[in-house]
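Note sheet for the following structure.
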Amino acid sequence: GGEEREREMGLSWCFRAVRGRALNAFDQKLAKNTVGKTVGNEANVISCIVYFDELPELDAVEDTCRRGLLSVDTFTSRPIRGTWQRVEEVDLKQHLIEHTVNGEDELHAFAEGIMMRPLRSANNLSAPLWEIFLVTNKGPGRSGFVARIDHSLGDGIALTHVLARIATTTAGAPLPLPIYKRPTPPAKDWFAMLVAIFKAIGKYLLLPAVGWDSDTPCNAPLRTRHNGLTFNNRRRTIFIPEHSLEQIKRIKTKAGKMFTVNDVVFAATAGALRKYCETQGANLNDANARALVPVAFPRKTDTPSGNLWTFLSVRLPIERPTLSQRLALSHSLFDELKASGEPVISNMLAQLNLGAPDFVFGKVGQSIFSRHTMVFSNVPGPSEPVCIGGRRVIGIQALYPNLITQMICISYCDRMFMNFVVDEDVFTAPDLLPKLYLDELEALDALPPA
């Protein structure tokens, strides 16, 4: 528990009421929480824990918000009738809330406890859809911000651009806006590329209607999934102890020139889930499992904040019995995706679905989630240390309570920050996951070079 108090700040930041830019079709569905309402999840909110050894002073946070956060239109507006409409006044005392805990475990428990709640401003059309809890830790461990942002405000790339507006280098200099480039696909002949495109069209057209992942201890029973999963609010966040990004890079380097950090994390996740299932008495040698992998599209740095991403359906190699097989297959799967045009095809079909009535869009989303085992999100963070409000950030976590198991990892400096948000009715022994995952990394690191 903790002691929450709100302080009168005597401060607000004012804007003229103005009809702003139009939401794209995806942002509109997210703003209406279309899939969430279909499955019974009332909050479509991304939570981020930003760790500090020493929390920034409140005045410094206010100033950071005024100069940086409120320069982003989605943080000063509400999505109303298809447009971002600026509110007349952003009252910071309604969005910055002080809270006290006694120990880092309490910080995590606090973040977990509020991650499924609607935002405080959800029913207040005169306030934008974000809030930041300034959590002072008076016990052992770190303090931190718990920032909560409605998903319609932006995807991973958009939010890294927001971070660049509110953070500085350790010397106090502004951060450059991150630039994301499309990966260069491997060379491929035109006929093979055409075949891959038609395969991708068939795959994603049929995705909501064909194929179910096997029954395993990592997902709900098939009979439940056949009827469409619904959200039960019984979510548990399993924090993986922060670990070395250099170790992951060492594993990928030993595996081969073209391997990536993503390949290693995906293989280690598959291995940890396999080992978890084995502790529950499951035989996975013929299991079929898939992950939904969100892929955000690169954009110009001056692109307005919003969502430009799609889901890819990727085989999760939990049926492969050895480390090297899981790592090799993970690399092969993602290498094929880069050359297949699947992200473009998936996004194209998703755009068509955005034109469907909300009821249809929600049912399609529910069906796709119900057919998969997990969501796998790998977000690259700053490679150099940054400061917010004059204090050095020492770590970042992102939490999202999804309909199925959600894993999010964020790299920051030379460390990896990671967690699983699981359904307690599905995972009966989720506390096994941290050791299983870290053991998997150690075993991968012990493999001889390819």
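Quick notes on this structure:
- Relative contact order %, segment 205-315, counting alpha carbon pairs below 8 Å whose residues are six or more apart: 26 percent
- Whether segment 263-402 is rounded, prolate or oblate, judged on the alpha carbon gyration tensor where a/c under 1.5 counts as rounded: oblate
- Antiparallel content of DSSP bridges confined to the chain, in %, to 5: 80 percent
- With a simple spin-label model that places each label point 7 Å from the Cα along the Cα-to-Cβ direction, the separation between residue 258 and residue 54 comes to 5.0 nm.
- When the charge dipole of the chain is built from unit charges on Cβ atoms (+1 for Lys and Arg, -1 for Asp and Glu) and taken about the Cα centre, the candidate among 84, 282, 272 whose Cα reaches farthest toward its positive end is 84.
- The Rg/Rh ratio for segment 378-450, using Cα coordinates for both the radius of gyration and the Kirkwood hydrodynamic radius, is 1.06.
- Estimated dipole of segment 302-383 in Debye, rounded to 20 [Cβ of Lys and Arg +1, of Asp and Glu -1, Cα centre]: 280 debye
- Mean separation of Cα contacts under 8 Å, 6 or more apart, over the residue count of the chain: relative contact order %: 23 percent
- Applying both filters, DSSP loop and at most 13 other Cβ atoms within 10 Å, to the GluC sites (Glu not before Pro) of segment 67-100 gives 88.
- As a length-normalised measure over Cα pairs under 8 Å and 6 or more apart, the relative contact order of segment 296-447 settles at 16 percent.
- Placing unit charges on the Cβ atoms only, positive for Lys and Arg and negative for Asp and Glu, gives segment 207-253 a dipole magnitude near 80 debye about its Cα centre.
- Degrees between helix 342-354 axis and first principal axis of the chain (Cα, 0 to 90, nearest 10): 60 degrees
- Checked against a 31 Å cut-off, the cross-linked pairs 252/275; 29/338; 138/249 give Cα-Cα distances beyond that limit for 138/249.
- Taken over the alpha carbons of segment 229-328 as equal point scatterers, the Debye sum produces base-10 log I(q)/I(0) values at 0.17 Å⁻¹ of -1.04.
- Cα gyration tensor shape for segment 133-278, rounded if a/c is under 1.5, else prolate or oblate: oblate
- Inter-part distance where segment 37-56 and segment 392-435 are each reduced to a Cα centre, Å: 12 Å
- Rounded to 10°, Cα long-axis angle of helix 245-255 versus longest principal axis of the chain: 20 degrees
- With protein chains left intact and a 1.4 Å probe, residues in segment 13-140 average 42 Å² of accessible area per residue.
- Partner aspartates and glutamates for residue 199 [C-alpha distance under 13 Å; skip if fewer than 8 residues away on the same chain]: 336, 342
- Environment charge at residue 370 (Cβ cut-off 10 Å; Lys +1, Arg +1, Asp -1, Glu -1): +1
- Principal-axis tilt of helix 58-67 within the chain, Cα atoms, nearest 10 degrees: 80 degrees
- Exposed loop sites were defined as trypsin sites (Lys or Arg not before Pro) in DSSP loop states (anything but H, G, I, E or B) carrying at most 12 other C-beta atoms within 10 Å; in the chain the longest segment without such a site runs 301-450.
- Dipole magnitude of the chain about its Cα centre (Cβ charges: Lys, Arg +1; Asp, Glu -1), debye to nearest 20: 1500 debye
- Structure-derived percent of Cα pairs over 26 Å apart - corresponding label in [x] 55; [y] 58; [z] 72: [y]
The values are calculated or read from the model by the stated rules, or taken from the named source; none is laboratory data. Note that the structure is a prediction, hence the values are computed from the model and not measured. Don't worry about glycine lacking a Cβ; one is built from the backbone with ideal geometry, like all the others, and counts go over all protein chains shown. These area figures cover heavy atoms from the full protein model, side chains too; ligands, DNA and RNA do not enter into them. Shrake-Rupley method; radii C 1.70, N 1.55, O 1.52, S 1.80 Å.
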